[in-house]
Each structure stands twice: as structure tokens, then as C-alpha cells.
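Scroll down for the structure; my scribbles are underneath it.
The values are calculated or read from the model by the stated rules, or taken from the named source; none is laboratory data. Note that the structure is predicted; figures quoted are calculated from it, not measured. Cβ placement follows ideal geometry from the backbone for every residue including glycine, while neighbour counts extend to all protein chains displayed.
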Amino acid sequence: MKKRSLLAGAVIAAAALLLSACSPGGSSTPGESTQPPAGEAGLNIKYVINGTLGDKSFIDSAYRGLSEAADTLGYTVKTVELGYDESTWESGLADAAAGDDYDILVAGSYSMSDYIGRVAPQYPDKKFWVYDAPPDYSGKVGCSNACENVYSVTFKQNEGSYLVGYLVQLQLAASALPGAEGLTKAGIVGGQDIPVINDFIAGFKNGFADAGGNAADVIVQYVGGDKAFNDPARGKEIAAAMFEQGAGVVWGVAGGSGAGVMEAAAGAGRYSVGVDSDQYQTIEDETLRDTILTSMVKNVDAALLRAAQLHKEGTLVYGAAENVGIAENGVALATDNANFEKLVSADIAAKVEAAAAEVKSGAVKVDTAF
């Protein structure tokens, strides 16, 4: 089709390129343990979630990859949902790690990496995986054994965000979004004022400016609070104010709070951007889905499935972090959906694809918050 070449292949082929052997797409029901195929002895994974399943984004993406490890590689996956009270996360992780019902404990996000760094050394015979933020491998903070039993994978979200900003600016400049004609501003609703979220913002502003926009036209505000990543009402309130200020597109980089951004976009007749997963494919509400211009995809599912494959082969490297971006198909734009096909012209798609090639080659160095 006319625009599927624009990193759609990166989303579709990410598992093959990150994995070499398998591709993600598990069909297991969230919240249930997934059993290995009959006759196969499998290792046990315990997925400890600082939140709950069902965010249609980051957390669910990781679960898809682990579910596929169960379906295709003989692992057993058990989930432990800690909820959204941050004060319980460290103790909840410690309780989960104290059990003898796992071989590998998986957790994710910037909020959990330090906790893993403190817990993992207590269980040297177990393995720990952290996605999206590494612990302190130097051993200076928390991880007394230099995290020798911890594997982590991080994503260059600034690179994927660069493409989002580039695309949004081109769309606004061309008055190519019905209902947002003549508008020059964009908004970002971040979950918290932390480095990983600010890395999205830095990349977006860089891409927005490189496409001819003014970075000062990017409005930023954080949800904050104990429910920063699960407060759709607050996300909606912030986004609605941004639309009132003249934003044509608002991006929710705030987990479950992003649903509120989409609600505000629907109410204003404007547009949103999805995060971490292709949310046009994961959001069931058609009214919200129709606001999504694109999504910045972190291929967490493919990365964890790859880790499961390499661990099974005995070649997964512990005690160090991997960092994957556009070149490694760790991040990409979601383009293989009806909204992108409808809203983005072939000319603009080609320009964004060219920008992606420049980032991939190293010709463009994207701003980062790290």
C-alpha cells in the first residue's frame, strides 16, 4: 500500500529482527498464568507489574511478549499486579522476589529499576529482567553485586518521539488534519517529570523544530500525583486546556492517563498520538481510536521475547543493559492502520521516512533528556 513502507515494516518485523526466530502476538488472557506446551519443561517467569494489566499500552505490550514466550518456548508466566499506590511497590516487589515459584522475575519502568537493584543481590541464584530503565550496574547504589544477575533493555524513546514531532509539525503546517486547519501548536501530557518521560519530550521537540516548527509551540504539562499513569480524568482535563490554547494534536505520554487525552481530542474534534503500542489497534472505543494520528511504538514485546529465546539458549548477557532505537527496530511509528492511511499523504509519509533514515544512519543526532 502507498505508505506502509514508513516504518510499518519496523513494527511488523521487529520481532524477527530483534529475535531471529520468533514473532510476538500471544493470545493469553491477562491476569492468568500461562502454561507451557504439554511435555515441555519450562522455566517460570514472574511478571511483577507496578500497576495493572489492561493499559492497552506499555504494560500490556510486555505481557504480550512474555505470553508468547510461554506459548512458543515452554515458559510458565505468572503475573503479580501491585496496583498504582507507589508506596507499596518496593515491598510488593520484595515479597514477590522472596517466593520460590520463579526462575526469572520481570519488572519494568524507571520507577522499578532501583528497587530491582536492591532486591536482586539478595537472590543470586535467580535472574531478573528490567525493561525501559537499567539498575545501577556500577554497584555504587543499591546493587551490591553490580547486578550480575540482572538483564535490562532500554529504548531510545527520544528517537521514536523525534519522528512523532516531525510528523505532527508537517501535518499541522500542511493543514492536513480536518478540524485543526491553521493551528500551529501541539501538546504533550507527561505522566511524571522524570528523565524517561522527558526523553520523549526532548525528542518530540527536536523533530517538531527540524520539520520547520517552533519548539516553543509545544505545550508540556505533567499529570503527576500517585495516579500519574492511571488518571484518565486528569489527562483529559490537561489535554482539553491544551486544545483550548490552540493545540491541533496532543500526545499522552502517561500510560492509562492517555485515554483521557483521547477523550479530550474527541470532544474538541482534534487529534491524539498513542504511545508504546499501536493504540489504534489496541483501543476498542471507536470514538477514541479515530482521534489517533499515529503511535510511537516501543517494541517491548519483541524485546522480552528475544530475551526469553536467548536465555533459553544460554546466551543472554546479564550484568549489562541493551539500548535499542530505530536502527535496531526497538522503536518505530505505527503506520499500518486505517487512520494513518487516511490522514497522512504519501508526500508527508515519504518525508518522515527520510527523517527516520537520517536518524538510523547517525546523520541526525536526536536530543535526549539523559
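Residues in the stretch 216-232 that are of a type in the set (Gly, Ala, Ser), part of a helix (DSSP H, G or I) and within 21 Å of the chain's Cα centre (by Cα): 0 in all. Among the residues examined, residue 176 does not qualify as in the same structural domain as residue 115 (by TED's automatic domain parsing), assigned to a loop (DSSP other than H, G, I, E, B) and surrounded by fewer than 23 Cβ atoms within 10 Å (Cβ to Cβ). Within the stretch 98-132, the residues that satisfy the criterion of being exposed (fewer than 15 other Cβ atoms within 10 Å of the Cβ) and among the small types (Gly, Ala, Ser) are 98, 99. Determine, yes or no, whether residue 257 is of a type in the set (Ser, Thr, Tyr), assigned to a helix (DSSP H, G or I) and either within 19 Å of the chain's Cα centre (by Cα) or buried (at least 24 other Cβ atoms within 10 Å of the Cβ) (or both). Judged against the criteria, residue 257 is a match.
When the stretch 265-288 is filtered for residues that are over 15 Å from the mean Cα position of the chain (by Cα) and outside any loop (DSSP other than H, G, I, E, B), the ones remaining, listed by number, are 265, 266, 267, 268, 271, 272, 286, 287, 288.
Screening 369, 327 for residues that are in contact with a Pro (Cβ under 6 Å, 6 or more places away or on another chain) and surrounded by fewer than 24 Cβ atoms within 10 Å (Cβ to Cβ) leaves exactly one candidate, 369.
The number of residues in the stretch 126-173 being at pLDDT 95 or above and either part of a helix (DSSP H, G or I) or of a type in the set (Asp, Glu) (or both) comes to 17.
Rundown of residues vs (1) within 30 Å of residue 237 (Cβ to Cβ); (2) of a type in the set (Ser, Thr, Tyr); (3) in contact (Cβ under 8 Å) with a residue 24 or more places away in the chain; (4) not assigned by TED's automatic domain parsing to the domain that holds residue 117, yes/no style:
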{"position": "254", "(1), (2), (3), (4)": "yes, no, yes, yes"}
{"position": "288", "(1), (2), (3), (4)": "yes, no, yes, yes"}
{"position": "291", "(1), (2), (3), (4)": "yes, yes, yes, yes"}
{"position": "312", "(1), (2), (3), (4)": "no, no, yes, no"}
{"position": "345", "(1), (2), (3), (4)": "no, yes, yes, yes"}
{"position": "366", "(1), (2), (3), (4)": "no, no, yes, yes"}
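Quick one: what pairs do we get from the stretch 72-89, first residue farther than 14 Å from residue 100 by Cα, second basic (Lys, Arg) and assigned to a loop (DSSP other than H, G, I, E, B), C-beta under 7 Å, 6+ apart or different chains? Correct list of pairs: 84/227.
Among residues belonging to the stretch 313-348 that are touching a Ser or Thr at 6+ places or on another chain (Cβ under 7 Å) and hydrophobic (A, V, I, L, M, F, W, C), point out the one that is nearest to residue 162 (Cα to Cα). It comes out as 333. Consider the stretch 192-214 and keep the residues that are in a helix (DSSP H, G or I) and at pLDDT below 95. The one that is nearest to the chain's Cα centre (by Cα) is 196. Among the residues of the stretch 340-362, is there at least one that is under 20 Å from the mean Cα position of the chain (by Cα) and among the polar types (S, T, N, Q)? Checked against the condition, which is being under 20 Å from the mean Cα position of the chain (by Cα) and among the polar types (S, T, N, Q), the stretch 340-362 yields no hits at all. Using the structure shown, decide if residue 246 is in contact (Cβ under 8 Å) with a residue 60 or more places away in the chain and either outside the structural domain of residue 169 (by TED's automatic domain parsing) or in contact with a Leu (Cβ under 7 Å, 6 or more places away or on another chain) (or both). Here the answer is yes, as residue 246 does meet what is asked.
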